[in-house]
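Only one structure is covered here, and it is reproduced in the block below.
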Amino acid sequence: MSNATASAGPQATAVHFDVPVFNSGPPPAPLAEETRRAAIREAAYFLAEKRGFAPGAELDDWLAAEAQVDRRMQALAHATP
């Protein structure tokens with residue numbers, strides 16, 4: 001029986017990339033859209049809750065929530081330096 005160790009092949013070297021964790025610019029569009037849609041869903045829920053979840057006004061809730069969220073997002077965009 002041989003006690004020889006098989007070679008594992010070429011050794012890989014670690015590569016380090018300097019990638020910033022935080023970016024001072026605006027978030028990527030998909031993230032912004034995902035955040036917007038989540039805010040619209042939440043606002044539409046609260047509008048529906050306010051009217052007692054009566055059926056038949058879901059689209060109106062969604063459209064009103066969309067308008068609310070878009071106004072808020074525009075106000076925030078103009079308020080930040």
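The values are calculated or read from the model by the stated rules, or taken from the named source; none is laboratory data. Here the structure is a predicted model, which is why all the values come from computation and not from measurement. With ideal geometry, Cβ positions are generated from the backbone for all residues, glycine too; neighbour counts draw on all protein chains shown.
What the table shows:
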quantity: Failed condition for Arg36, given (1) in contact with a helix residue (DSSP H, G or I) (Cβ under 8 Å, 6 or more places away or on another chain); (2) closer than 28 Å to Ala77 by Cβ; (3) at pLDDT 95 or above; calculated: (3)
quantity: All positions within region 46-69 that are exposed (fewer than 15 other Cβ atoms within 10 Å of the Cβ), in a helix (DSSP H, G or I) and of a type in the set (D, E, K, R); calculated: Glu49, Lys50, Glu58, Asp60
